[in-house]
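Report on one structure; see the data block that follows.
The values are calculated or read from the model by the stated rules, or taken from the named source; none is laboratory data. Here the structure is a predicted model, which is why all the values come from computation and not from measurement. Cβ atoms come from the backbone with ideal geometry, glycine included; neighbour counts cover every protein chain shown. For accessibility, only protein heavy atoms count, side chains too; no ligands or nucleic acids. Shrake-Rupley method; radii C 1.70, N 1.55, O 1.52, S 1.80 Å.
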Amino acid sequence: MTRGFALVLVSAVCLLSQLVHGQVTSQRLAAAANEPQNWLTYSGNYYSTRYSPLTEITPANVKNLKLRWAYQAPVAGNWQTTPLVVDGIMYLTQRLNDVVALDAVTGRAFWIYRYLPAADRIVCCGANNRGLGILGNTLFMGTLDAQLIAIDRTTGRPLWQTAVANTKSGYSITHAPLVVKDKVIVGVGGGEYGIRGFIAAYDANTGKEAWRFYTIPAPGEPGAETWERCPPNTRTACDPDAWKHGGGSIWMTGSYDAQLNLTYWGIGNVGPDYNGAQRPGDNLYTASIVALDMDTGKLRWHYQFTPHDLYDYDSVQVPVLIDNWANTRINVVAWANRNGNFYILDRATGRFLLGKPFVKVNWMSEFDERGRPMQTPQPPGEPTYPGNQGGTNWYSPSYSTRTGLFYVSAWEDYASIYSLSPVQAPYKEGVNFVGTGPRNFGPVPGAPGLARAPINTWTETAGHGAVVALDPKTGDRKWTFAMTDVTDSGILTTASDVLFTGGREGYFQALDARTGALLWKVNLGAAINSGPISYRVGDRQYVSIVSGLSLSVFALDD
């Protein structure tokens, strides 16, 4: 650090100490909907609705949005963060594991905390960090080398650091921590490296582990029976100890129901991803949702979306909580899954209430009365819908309490071809552990695929993106906003019925949340791989989005 930069940092920290007022208590987090000016959790609230009660920006005036400020990140790569905004201060992560405090009105940087993860870290799928948690005056970040760090939000200084897992075995943390009461909850990534996944809670003051739930049960634990014994005299590459490296990673932040005191998390793929013969059985709790007691981490219930998954249909999507579903007085979890189906589950018991495709699906035909899918593997060389990346993926959906609609970023008309004779994937610590992967299906020979080149030759032949509005009561589509390219953007809805989203095309756009009509768009020049948020400082509402290496913040013209 240069002397000049140090002086600027000290000056900025002095100013920030004057701006930071009340602490972010657990009561404030629980009542985040009562603070529309702030964005206090990764998904905006414990229900994970990504719904803002702000109303200054409307369908009538959204066309008057103007760029107010931008912040440039220093490290190239997919920037997937969602900022927190607390009383006019924005806190966000940037690659690799930096934390930055910015003035939410001007973009001025107050401080930067830089953590350098271990050089020998082993991380699947990019050096991503999706955000922070907050409690009191402390920020919490998980790191690429599986550390959990507490940071003073006034000064940017680290307060404590806890080793969550061993990065040399492929463990990492890429999602924003969930903070509930006095605990910080994180889960580990690394399913492609044969980890044994888990979710753990840590004391917010000390970093001491309070409880741990393994997403892959050991022999004798509930669910272990779904890791079946190898058949006698088998000629397949069956692994009698498959559970020891069965995957079950956590990518995305969970949700919380204070009344039930349950926290809900989506569990990732099984390992190896594509060779089912190595791991006979349903392979719980992979490709599932688990509901855990917030105080103890004990499993209350689970539901498995894709038993014995052969398609890499991670269930890492964000659980969205909806009250009084279809006027039944049943409070539910709504879930648009990577496997192409939309689900409604009773969030007290896990009872299956609704399952319906929201994109083309042919890997299954129907559900039985308990919600188990009747699987229909496709013949050799034939496409499986949806493809490997899914009907949707990790990008956040939204639910509007005004429209009553559930909004999801979808990949449509997209398929993969899977091998029916995958090769054996021997386990070795820290080495990729997936089996034979699929290939994308191109219905027209020679048509460009979904990998993008600098020259625009895109077509919709291999699939395209869309925002899909679903009625949670029935799972029916209400409207579709189609894109030419696929989308990795999250969604935000507001109390004035404006929907904000992006896509790989680089457009940041506003839609009418009731009809799907395009109201406004701006080209930000790079793919959008994060979710927008909205906040207010004074009387002005702002909307922010990350595109490429830039965070852009918009507000109405004066």
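Here the mean projected area of the convex hull built on the C-alpha positions of the chain is 24.8 nm². Computed extension length for LEU260-ASN327: 22.2 nm, one decimal, from 0.36 nm per residue of separation with the Cα-Cα distance subtracted. Of LYS473/LYS521; LYS298/LYS428; LYS168/LYS428; LYS360/LYS478; LYS208/LYS298, which pairs sit farther than 21 Å apart, going by alpha carbon to alpha carbon? Violating the 21 Å Cα-Cα cut-off are LYS473/LYS521; LYS298/LYS428.
FRET efficiency for the ARG157 to LEU518 pair, using the beta carbon distance and R₀ = 45 Å, is estimated at 0.50. Anisotropy class assigned to the stretch 374-417 is prolate, per the alpha carbon gyration tensor with a/c at or over the 1.5 cut-off and a/b larger than b/c. What the phi angles of the stretch 329-338 give under the Karplus curve with 6.51, -1.76 and 1.60, with θ = phi - 60°, is a coupling list of 6, 9, 8, 10, 9, 9, 8, 8, 9, 4 Hz, glycine and proline written as x.
For the stretch 269-326 versus the stretch 421-442, the inter-centroid distance based on Cα atoms is 21 Å. Each residue was assigned an accessible area with a 1.4 Å probe, and for LYS66 the value is about 90 Å².
The 3J(HN,Hα) values that the Karplus relation (6.51, -1.76, 1.60; θ = phi - 60°) gives for the stretch 432-442 are, in residue order, 3, 9, 10, x, 6, x, x, 10, 5, 8, x Hz. Gly and Pro appear as x.
With coordinates expressed along the principal axes, the C-alpha atoms belonging to the stretch 202-247 extend over 54, 18, 10 Å, beginning with the largest. Sorting THR106, THR167, THR459 by accessible area puts them as THR106, THR459, THR167; the probe is 1.4 Å, largest comes first, and only protein heavy atoms count.
Note on the chain: helix-only mean residue ellipticity at 222 nm, from DSSP H runs of 4+ residues weighted -39500 (n - 2.57) and normalised by residue number, equals -1000 deg cm²/dmol.
Given a 1.4 angstrom probe, I'd like the percentage of the accessible area of the chain that is carbon and sulfur, rounded to a whole number. Intermediate values should be presented prior to the final figure.
Details: 10440 of 20480 Å².
That fraction is 51 percent.
Quick one: Debye curve from the C-alpha atoms of the stretch 347-464, no solvent, what's log10 I(q)/I(0) at q = 0.13 Å⁻¹? Those come out to -0.75, one per q. How would the stretch 404-558 be classified by its alpha-carbon gyration tensor: rounded, prolate or oblate, with rounded meaning a/c under 1.5 and the a/b versus b/c comparison settling the rest? It comes out prolate by the Cα gyration axes.
Classify the stretch 203-317 as rounded, prolate or oblate, taking a ≥ b ≥ c as the square roots of the eigenvalues of its Cα gyration tensor: rounded when a/c is under 1.5, otherwise prolate if a/b is larger than b/c and oblate if not. In terms of gyration-tensor shape, prolate. Rounded to 0.05, the FRET efficiency of the GLU382 and THR461 pair, given R0 = 25 Å and the Cβ-Cβ distance, is 0.90. Here the extension length gained between ASN61 and GLN23 equals 10.2 nm, from 0.36 nm per residue of separation less the Cα-Cα distance.
Across the protein chains, with a 1.4 Å probe defining accessible surface, the residues GLU192, GLU429 rank GLU429, GLU192 from largest area downward. For the stretch 97-177, the set of trypsin sites (Lys or Arg not before Pro) satisfying both a DSSP loop assignment and a count of at most 15 other C-beta atoms within 10 Å is given as ARG108. Tell me which residues come under 5 Å, amide H to amide H, from VAL537 once H is placed; ignore anything under 5 positions away on its chain. Answer set, sorted by chain and number: TYR542.
Using C-alpha pairs under 8 Å with a sequence gap of at least 6, the mean separation divided by the residue count of the chain gives a relative contact order of 14 percent. Between amide H atoms placed 1.01 Å from N, distances below 5 Å from LYS360 occur with ASP413, all of them 5 or more places distant or on a separate chain.
Kindly provide the trypsin sites (Lys or Arg not before Pro) of the stretch 197-271 that DSSP labels as loop, not H, G, I, E or B, and whose Cβ sees at most 13 other Cβ atoms within 10 Å. Mind showing how you got there, number by number?
Values: sites: LYS208, ARG212, ARG229, ARG235, LYS244; in loops: LYS208, ARG229, ARG235.
Listed in order of number, the matching sites are LYS208, ARG229, ARG235.
Of the peptides 34-42, 384-392, the ranking by mean beta-carbon count within 10 Å, highest at the top, reads 384-392, 34-42. Under 19 Å Cα to Cα from LYS244, which aspartates and glutamates show up? Leave out anything in the same chain fewer than 8 places away. Result set, ordered by chain and number: GLU192, GLU221, GLU225, GLU228, ASP273, ASP282, ASP309, ASP312, ASP314, GLU429.
Please compute the contact order of the stretch 173-272 in relative form: average sequence separation of alpha-carbon pairs under 8 Å and at least six residues apart, divided by the residue count, as a percent.
Relative CO of the stretch 173-272 lands at 31 percent.
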